[in-house]
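K.L.:
Before we start, here is the structure in question, set down as structure tokens.
The values are calculated or read from the model by the stated rules, or taken from the named source; none is laboratory data. Because the structure is a prediction, the values reported are computed rather than measured. Here the Cβ positions follow ideal geometry from the backbone for every residue, glycine too, while neighbour counts run over all protein chains shown.
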Amino acid sequence: MIRNIIFDLGNVLLNFKPEKFLLRYTKDENYIQNFIFKVIRNKIWFNLDRGTISLEDAKEEFLKKYPEDMSFIITFFDHWMEMLTPIEENVKILHDLKSNGYNTYILSNFIEEAFEIIQKKHQFFSLFEGRIISCQEKVIKPEIEIYQKLINKYNLVPEQCVFIDDIRSFLSRARKLNMKTIWFSPDTDLRTELRNLDVNI
Ligand SMILES: [Mg+2]
């Protein structure tokens with residue numbers, strides 16, 4: 001029987017769509033792809049999630065590394081958190097799950113400075129029984145330790161958990177630990193997927 005629903009944040013409860021966001025600043029899609037590769041797929045960005053570098057220091061490192069992109073880097077760092085708007089349908093599902101008696105948790109890779117801001121900004125953060133945020137734990141998904149930290153900290157029985165994430169490789173780790181999983185994409189009907197796992201929603 002499922003008792004615990006575990007949510008990822010980026011692209012499950014909060015939008016994180018840099019391709020779309022950066023179109024605000026340039027229409028050059030090749031430049032955008034390249035910029036995303038250089039910045040968001042960079043080890044420095046992963047270290048932000050891991051909590052081993054500050055946002056300000058990361059920006060400085062990118063400026064040093066890619067001086068040709070200086071103004072774009074500055075604009076990006078000034079505005080990227082504006083991307084993090086709630087995915088309202090899933091927030092509604094979170095509310096309904098709470099009303100139906102489920103325990104809810106967050107398991108997310110996230111950047112410290114951004115997490116501090118968004119958790120104050122959105123009421124729904126008060127609905128969770130617990131949270132494991134990568135920057136606070138110094139481990140990131142898909143490293144097995146981060147899943148184990150969640151299980152141990154909140155005494156969860158993996159068989160009673162559903163984990164929802166938009167990245168497939170993050171789900172396979174959870175399945176190895178005997179959790180149920182749902183891959184969330186923009187086409188996913190999350191309510192139906194939860195019902196398929198006998199969740200009352
Ligand atoms: Mg995500």
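K.L.:
Please find, within segment 55-92, the residue that is farthest from the chain's Cα centre (by Cα) out of those that are within 16 Å of the ligand (Cβ to nearest atom) and in a helix (DSSP H, G or I).
P.N.:
Glu89
K.L.:
State yes or no: is Ile117 at negative phi and outside the structural domain of Ile151 (by TED's automatic domain parsing)? Reasoning before the result, please.
P.N.:
Working: at negative phi: yes; outside the structural domain of Ile151 (by TED's automatic domain parsing): no.
No: the conditions fail for Ile117.
K.L.:
Among the candidates Leu55, Leu127, single out the residue that is in the same structural domain as Gln160 (by TED's automatic domain parsing) and in contact (Cβ under 8 Å) with a residue 24 or more places away in the chain. Step through it out loud before you land on a result.
P.N.:
On the way: Leu55 fails: in the same structural domain as Gln160 (by TED's automatic domain parsing).
From the options Leu55, Leu127, the qualifying one is Leu127.
K.L.:
Can you name the residue in segment 119-165 that is charged (D, E, K, R) and in contact with a Gly (Cβ under 7 Å, 6 or more places away or on another chain) and, of all such residues, is nearest to Ile6 (Cα to Cα)?
P.N.:
Ranking the candidates gives Lys153 first.
K.L.:
Answer with yes or no whether Leu22 is under 30 Å from Val199 (Cα atoms), in contact with a helix residue (DSSP H, G or I) (Cβ under 8 Å, 6 or more places away or on another chain) and aliphatic (A, V, I, L, M). Full working, then the answer.
P.N.:
Working: under 30 Å from Val199 (Cα atoms): no; in contact with a helix residue (DSSP H, G or I) (Cβ under 8 Å, 6 or more places away or on another chain): yes; aliphatic (A, V, I, L, M): yes.
Considered against the rule, which asks whether it is under 30 Å from Val199 (Cα atoms), in contact with a helix residue (DSSP H, G or I) (Cβ under 8 Å, 6 or more places away or on another chain) and aliphatic (A, V, I, L, M), Leu22 comes out as no.
K.L.:
Name the residues in segment 140-168 that are under 14 Å from Met179 (Cα atoms), away from the ligand (no atom under 15 Å from the Cβ) and not in a helix (DSSP H, G or I), would you?
P.N.:
If the condition is that a residue be under 14 Å from Met179 (Cα atoms), away from the ligand (no atom under 15 Å from the Cβ) and not in a helix (DSSP H, G or I), then Asn155, Leu156, Val157, Cys161, Val162 are the ones that fit.
K.L.:
Any chance segment 11-19 includes a residue that's charged (D, E, K, R) and buried (at least 17 other Cβ atoms within 10 Å of the Cβ)?
P.N.:
No, that holds for no residue.
K.L.:
Let me ask another. Would you check if there is a residue in segment 168-180 being without any contact (Cβ under 8 Å) to a residue 24 or more places away in the chain, surrounded by fewer than 16 Cβ atoms within 10 Å (Cβ to Cβ) and touching an Asp or Glu at 6+ places or on another chain (Cβ under 7 Å)?
P.N.:
Within segment 168-180, one or more residues are without any contact (Cβ under 8 Å) to a residue 24 or more places away in the chain, surrounded by fewer than 16 Cβ atoms within 10 Å (Cβ to Cβ) and touching an Asp or Glu at 6+ places or on another chain (Cβ under 7 Å).
K.L.:
Looking at (1) within 15 Å of the ligand (Cβ to nearest atom); (2) in a loop (DSSP other than H, G, I, E, B), can you tell me which one Trp45 breaks?
P.N.:
Every condition holds for Trp45 apart from (2).
K.L.:
Which of the following residues is assigned by TED's automatic domain parsing to the domain that holds Phe184, closer than 30 Å to Thr104 by Cα and of a type outside the set (Lys, Arg): Leu48, Leu9?
P.N.:
One residue alone meets the criteria, Leu9.
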